[in-house]
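The structure appears below as structure tokens.
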2 protein chains.
Amino acid sequence: MQTYIDCYPCFLRQAIEAAQMVSTTPTQKQDIIHHTLELLKHIPEGATPSEIGAQVHQIIREVLGVDDPYQGVKRDATTKALALLPELRMILDNAEDTLSTALRLSIAGNIMDFGPNPDYDLWEVVMRVLHQPPAIDATDALRQQLAEADYVLFIGDNAGETVFDRLLIETLAKPVTYVVRGGPVINDATMADALEVGFDQLAEIIDTGTRIPGIVLSQCSPDFQVQFKNAPLILAKGMGNYETLSQEYGPIIFLLQVKCPVIARDIGAPMGSTVIKAPGEHSESKTR
Amino acid sequence: MQTYIDCYPCFLRQAIEAAQMVSTTPTQKQDIIHHTLELLKHIPEGATPSEIGAQVHQIIREVLGVDDPYQGVKRDATTKALALLPELRMILDNAEDTLSTALRLSIAGNIMDFGPNPDYDLWEVVMRVLHQPPAIDATDALRQQLAEADYVLFIGDNAGETVFDRLLIETLAKPVTYVVRGGPVINDATMADALEVGFDQLAEIIDTGTRIPGIVLSQCSPDFQVQFKNAPLILAKGMGNYETLSQEYGPIIFLLQVKCPVIARDIGAPMGSTVIKAPGEHSESKTR
């Protein structure tokens with residue numbers, strides 16, 4: 001998905017929110033804003049929002065001189081999610097359709113995102129997503145592909161969300177390779193974040209080799225590229241992975257919450273909806 | 001009220017929405033965005049959001065080579081408001097407290113604003129504002145000042161909103177001097193817009209002498225400055241007038257809908273609330 005001009009104010013807002021969230025001096029704030037404004041003047045054609053986001057967050061890191069300004073935010077998110085784990089397990093244990101419920105819980109966890117909308121009540125979101133039919137629903141296709149796949153490449157998104165993904169991974173009952181970012185960027189999960197919640201007990205963990213909050217294949221490590229090309233089934237969480245992979249061919253299923261109007265328009269599902277999307281599958285409301 | 005850094009993304013969003021609303025070439029869109037980004041890099045300390053907004057809209061006019069790009073939008077707003085006039089009159093005729101109802105209707109009309117949030121259902125807003133107690137309510141002070149004033153200086157805001165203001169002016173039952181902007185800026189009402197709906201039958205109309213969507217006294221015409229200083233009661237509609245006059249002393253009452261989080265914080269009333277505010281009067285939730 002390309003960067004639309006509607007994304008520009010959102011990049012600026014994210015830069016400002018980041019500057020305010022991680023404690024900075026007024027000069028640092030001004031520097032972050034100035035550099036972001038300069039960046040927005042020179043966005044290359046065809047760049048995805050995730051790539052521009054990566055550059056915004058590189059500016060923030062460079063101005064602050066801090067490699068992982070969201071470390072505290074990520075820890076808080078993980079703690080918050082872990083606190084719900086017993087209730088989430090109970091929901092899953094009592095579910096009629098375990099896979100469908102595990103998918104919804106994993107998508108509920110996708111709210112833990114400090115890009116588009118940092119304010120939410122986690123439990124309220126879990127309840128909403130559990131009872132809300134996905135606007136695009138490729139669960140049947142996923143079920144079929146899962147039955148035939150001997151393993152799953154699971155591309156994660158945010159720290160904290162990993163806790164919700166754990167339940168889905170357990171439910172899949174297949175070997176899973178879990179993909180994290182190649183380094184800290186926004187609140188996306190890294191190797192350290194995944195290890196902190198014991199993901200190595202659950203799945204093989206690999207990283208993309210880049211600090212982009214999405215998957216720009218040409219910039220990923222050769223190792224990751226091979227893993228991606230060979231995977232019999234890929235689950236990709238969140239908007240960043242959708243933005244960067246929506247034009248790729250392959251056995252991908254996107255699992256996400258629609259949290260921004262630009263994605264809503266692109267994917268053909270309303271704001272606030274949830275999506276389980278295989279390539280080529282659209283909601284009925286999509287105008288093409 | 002000063003410009004907060006939270007306002008920056010909103011300026012950029014307004015520039016982009018304006019560029020998309022008035023039909024432009026891709027080059028013009030890019031030019032508008034580039035010049036706005038450059039402007040945001042050099043915001044002078046202490047400037048109000050209305051002054052920056054004025055500069056954003058000057059960029060838009062200059063790039064488009066059009067003096068009043070919102071002319072069509074303003075005509076549509078006026079037509080939409082005029083269509084409701086019979087129902088609004090009926091509401092007012094049946095009101096127990098005519099002044100209070102006329103104030104609320106006038107505030108309902110303040111939704112007709114293409115700055116912060118251009119999407120709304122006008123009738124829905126009228127119903128909501130009629131039944132929603134103002135978060136800050138200086139109606140009693142206004143009533144008292146009105147009884148003692150021999151005329152009212154009424155500072156208008158947007159085209160279309162003027163139709164709602166007409167009902168309030170009729171209810172005030174005092175001579176009114178109605179203030180419009182010195183030239184087209186966003187969808188704010190100008191002399192031409194006011195004349196188009198026959199305001200000259202109702203009130204003396206004067207303009208500020210500037211194209212700022214608010215009242216920066218030092219930049220207004222000497223005539224307007226005298227009018228402002230001598231007025232026994234001033235009603236000021238909308239956020240732009242609040243932003244620029246909130247630090248002025250005088251017999252001012254602000255009438256507005258809170259449509260942006262920065263104003264909400266500054267005025268001490270929640271988003272979506274309505275406000276009838278005299279200087280020094282705050283909601284109980286205001287933390288100072």
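List of remarks:
- Verdict on residue A:55 being within 14 Å of another protein chain (Cβ to nearest Cβ), crowded, with 16+ Cβ neighbours inside 10 Å and either in contact (Cβ under 8 Å) with a residue 12 or more places away in the chain or not in a loop (DSSP other than H, G, I, E, B) (or both): no
- Residue in segment A:212-223 that is outside any helix (DSSP H, G or I), modelled with pLDDT under 95 and not charged (D, E, K, R) present: no
- Within segment B:184-206, the residues that satisfy the criterion of being crowded, with 16+ Cβ neighbours inside 10 Å, under 15 Å from residue B:158 (Cβ atoms) and not polar (S, T, N, Q) are B:184, B:185, B:186, B:188, B:189, B:191, B:193, B:194, B:197, B:199.
- Flag if residue B:36 is assigned to a helix (DSSP H, G or I) and within 12 Å of another protein chain (Cβ to nearest Cβ): yes
- Count of residues meeting criterion [in a loop (DSSP other than H, G, I, E, B), at pLDDT 95 or above and hydrophobic (A, V, I, L, M, F, W, C)] in segment B:239-265: 1
- Of all residues in segment A:1-21, those that are at the interface with another protein chain (Cβ under 7 Å from one of its Cβ atoms) and under 16 Å from residue A:33 (Cα atoms) have Cβ atoms under 7 Å from Cβ atoms of residues that are of a type in the set (S, T, N, Q) and buried (at least 20 other Cβ atoms within 10 Å of the Cβ), 6 or more apart or on another chain, in A:12/A:36.
- Restricting attention to segment B:77-99, the residues being among the acidic types (Asp, Glu) and part of a helix (DSSP H, G or I) number 2.
- Complete set of residues in segment A:64-114 that are modelled with pLDDT of 95 or more, surrounded by 15 or more Cβ atoms within 10 Å (Cβ to Cβ) and of a type in the set (Lys, Arg): A:104
- Per this entry, residue A:46 is counted among residues that are modelled with pLDDT under 90 and more than 14 Å from chain B (Cβ to nearest Cβ).
- Consider segment B:22-33 and keep the residues that are under 26 Å from the mean Cα position of the chain (by Cα) and either outside any helix (DSSP H, G or I) or within 8 Å of another protein chain (Cβ to nearest Cβ) (or both). The one that is modelled with the lowest pLDDT is B:23.
- Residues of segment A:128-155 that are of a type outside the set (D, E, K, R) and closer than 17 Å to residue A:88 by Cβ: A:129, A:130, A:131, A:132.
Condition check ((1) β-branched (Val, Ile, Thr); (2) over 23 Å from residue A:58 (Cβ atoms); (3) not assigned by TED's automatic domain parsing to the domain that holds residue A:167) across all residues:
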{"residue": "A:188", "(1), (2), (3)": "no, no, no"}
{"residue": "A:193", "(1), (2), (3)": "no, no, no"}
{"residue": "A:198", "(1), (2), (3)": "no, yes, no"}
{"residue": "A:201", "(1), (2), (3)": "no, yes, no"}
{"residue": "A:208", "(1), (2), (3)": "yes, no, no"}
{"residue": "A:228", "(1), (2), (3)": "no, yes, no"}
{"residue": "A:233", "(1), (2), (3)": "no, yes, no"}
{"residue": "A:243", "(1), (2), (3)": "no, no, no"}
{"residue": "A:248", "(1), (2), (3)": "no, yes, no"}
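- Test result for residue A:73, of a type outside the set (S, T, N, Q) and closer than 24 Å to residue A:183 by Cα: yes
- Just one of the listed residues (A:126, A:179) is of a type in the set (A, V, I, L, M), part of a helix (DSSP H, G or I) and in contact with a Gly (Cβ under 9 Å, 6 or more places away or on another chain), and it is A:126.
- Residue in segment A:189-205 that is touching a residue at least 60 places away in the same chain (Cβ under 8 Å), under 14 Å from the mean Cα position of the chain (by Cα) and within 14 Å of residue A:110 (Cα to Cα) present: yes
- Some residue of segment B:49-63 being modelled with pLDDT of 90 or more and farther than 24 Å from residue B:259 by Cβ: yes
- Residue within segment B:140-155 that is of a type in the set (S, T, N, Q) and in contact with a helix residue (DSSP H, G or I) (Cβ under 9 Å, 6 or more places away or on another chain) present: no
The values are calculated or read from the model by the stated rules, or taken from the named source; none is laboratory data. Model, not experiment: these values are computed from the prediction. Cβ coordinates were reconstructed from backbone atoms using ideal geometry, including for glycine residues, and neighbour counts include every protein chain displayed.
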